[in-house]
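This report refers to the structure that appears directly beneath it.
The values are calculated or read from the model by the stated rules, or taken from the named source; none is laboratory data. All values derive from a computational prediction rather than experimental measurement. No Cβ is skipped: glycine too gets one built from the backbone with ideal geometry, and neighbour counts run over all protein chains shown. In case anyone asks, the SASA skips ligands and DNA or RNA and just uses the protein heavy atoms, side chains included. Shrake-Rupley method; radii C 1.70, N 1.55, O 1.52, S 1.80 Å.
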Amino acid sequence: SPPPPPPHIINGNDMEQNFPSMNSNDTYDMNSLQQIMDMMRNVSSDGVKRVYSDDSGMGSILDTESLISAGGPSSSSMGLFGSPRGLPIDMNKEERFSRKVFVGGLPPDIDEEEIITHFQRFGPLVVDWPHKQESKSYFPPKGYAFLIFTYERSVQEIIDECVIDDSKLYMCVSSPSMKDKAVQIRPWLLADSDFVMDGSQPLDPRKTIFVGGVPRPLRAVELAMIMDRLYGGVCYAGIDTDPELKYPKGAGRVAFSNQQSYIAAISARFVQLQHGEIDKRVEVKPYVLDDQLCDECAGARCGGKFAPFFCANVTCLQYYCETCWASIHARAGREYHKPLVKEGADRPRALPFRW
């Protein structure tokens with residue numbers, strides 16, 4: 001049979017595309033930033049510890065006592081979908097934040113050594129930014145950088161010294177040309193990586209989409225709300241994080257409770273994610289698993305091996321071994337379907353063919 005057409009390639013996720021632009025000349029009136037950081041570590045008079053998230057109207061203060069009494073989501077939401085938000089958090093033992101922290105609005109003339117000098121009082125750290133190694137630059141080129149601390153407790157300490165304005169954290173940083181410039185500090189709360197919207201629904205990977213190019217400030221609850229508003233039927237959303245630092249990688253997953261919502265999402269192919277300052281067009285694809293038998297032959301034609309191909313066309317939406325793919329897609333109207341495989345950390349990509 002003739003080889004299929006060139007497959008569609010998912011656009012790469014460049015780190016710079018995932019952050020709202022930060023103007024290094026922005027200034028903030030520090031006199032207006034006098035709210036205390038008790039919002040970030042709120043222990044009420046009843047002794048219940050709470051975790052601050054934000055004031056977006058979607059659960060700004062997470063009451064851990066109520067989460068424990070609610071029992072959290074069912075076991076069906078574990079495994080593929082990670083550890084969902086809603087599980088009780090032991091504030092004294094469990095990590096709460098990624099050790100990687102975004103800092104934006106830096107003075108244009110501040111270099112790596114000066115950044116380290118300012119933040120090393122919170123603990124040992126390294127400073128990174130996109131394409132740092134290739135550029136050989138000592139200055140963050142776009143006014144933002146990442147602080148990667150050795151210890152998670154350093155993140156809590158830096159939060160304790162910040163002030164809040166409009167639910168954002170700020171701290172003063174000086175450079176040779178600027179004194180006490182307010183820069184934004186953006187930690188990543190681990191609980192924001194997963195959100196279960198409907199714990200009564202079993203999570204089906206065949207009704208789950210992969211969302212590429214997700215802006216890194218976007219939380220799972222916000223992704224869930226956006227997708228539910230567009231397509232309905234969302235029962236879970238997750239933000240993909242790297243295994244070491246548990247920091248967002250710029251991708252996510254959304255599980256639907258029904259086939260209609262799932263097909264509507266993958267048929268759209270692109271979605272405009274709008275929330276607060278975030279407004280970005282991102283790509284949507286079916287979530288691809290690498291441990292599925294061929295839906296046509298159940299492994300009979302490939303020695304029981306897992307199927308390497310998934311057809312994302314709505315007329316198929318099935319896993320195929322090489323033999324079944326060739327026979328099914330030789331049929332009229334299917335010869336231009338494009339297979340997907342799982343790439344790296346949950347990211348589907350188009351497969352190069354060798355027939």
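With respect to the numbered conditions (1) without any contact (Cβ under 8 Å) to a residue 40 or more places away in the chain; (2) surrounded by 20 or more Cβ atoms within 10 Å (Cβ to Cβ), which one is the sole condition not fulfilled by Val214?
(1)
Does region 156-171 include one or more residues that are of a type in the set (Ser, Thr, Tyr) and not assigned by the TED database to the domain that holds Arg253?
The answer is yes; a qualifying residue exists.
Just to be sure I understand, how many residues within region 113-123 are open to solvent by 40 Å² or more (accessible area, probe 1.4 Å) and either in contact (Cβ under 8 Å) with a residue 60 or more places away in the chain or closer than 14 Å to Gln156 by Cα (or both)?
Adding up the residues that qualify gives 3.
Quick check, is Ser193 of a type in the set (Ser, Thr, Tyr) and either closer than 30 Å to Tyr236 by Cα or surrounded by 20 or more Cβ atoms within 10 Å (Cβ to Cβ) (or both)?
It is true that Ser193 is of a type in the set (Ser, Thr, Tyr) and either closer than 30 Å to Tyr236 by Cα or surrounded by 20 or more Cβ atoms within 10 Å (Cβ to Cβ) (or both).
Consider only pairs whose beta carbons are under 9 Å apart and that are at least six residues apart or on different chains; among these, list those whose first residue lies in region 190-208 and is farther than 12 Å from Leu289 by Cβ and whose second residue is among the β-branched types (Val, Ile, Thr) and assigned to a loop (DSSP other than H, G, I, E, B).
The qualifying pairs are Leu190/Ile89; Ala191/Ile89.
Regarding Glu161, is this residue over 29 Å from Val282 (Cβ atoms), open to solvent by 40 Å² or more (accessible area, probe 1.4 Å) and touching a Phe, Trp or Tyr at 6+ places or on another chain (Cβ under 6 Å)?
Considered against the rule, which asks whether it is over 29 Å from Val282 (Cβ atoms), open to solvent by 40 Å² or more (accessible area, probe 1.4 Å) and touching a Phe, Trp or Tyr at 6+ places or on another chain (Cβ under 6 Å), Glu161 comes out as no.
Aromatic (Phe, Trp, Tyr), more than 30 Å from Lys342 (Cα to Cα) and surrounded by fewer than 22 Cβ atoms within 10 Å (Cβ to Cβ), is that true of Tyr151?
Answer is yes for this residue.
Within region 218-237, can one find any residue that is in a loop (DSSP other than H, G, I, E, B), without any contact (Cβ under 8 Å) to a residue 60 or more places away in the chain and open to solvent by 10 Å² or more (accessible area, probe 1.4 Å)?
Within region 218-237, one or more residues are in a loop (DSSP other than H, G, I, E, B), without any contact (Cβ under 8 Å) to a residue 60 or more places away in the chain and open to solvent by 10 Å² or more (accessible area, probe 1.4 Å).
How many residues does region 282-307 contain that are without any contact (Cβ under 8 Å) to a residue 60 or more places away in the chain and closer than 17 Å to Ala220 by Cα?
The total comes to 0.
Can you confirm whether region 320-332 contains a residue that is under 26 Å from the mean Cα position of the chain (by Cα), farther than 17 Å from Ser267 by Cβ and at pLDDT below 90?
no
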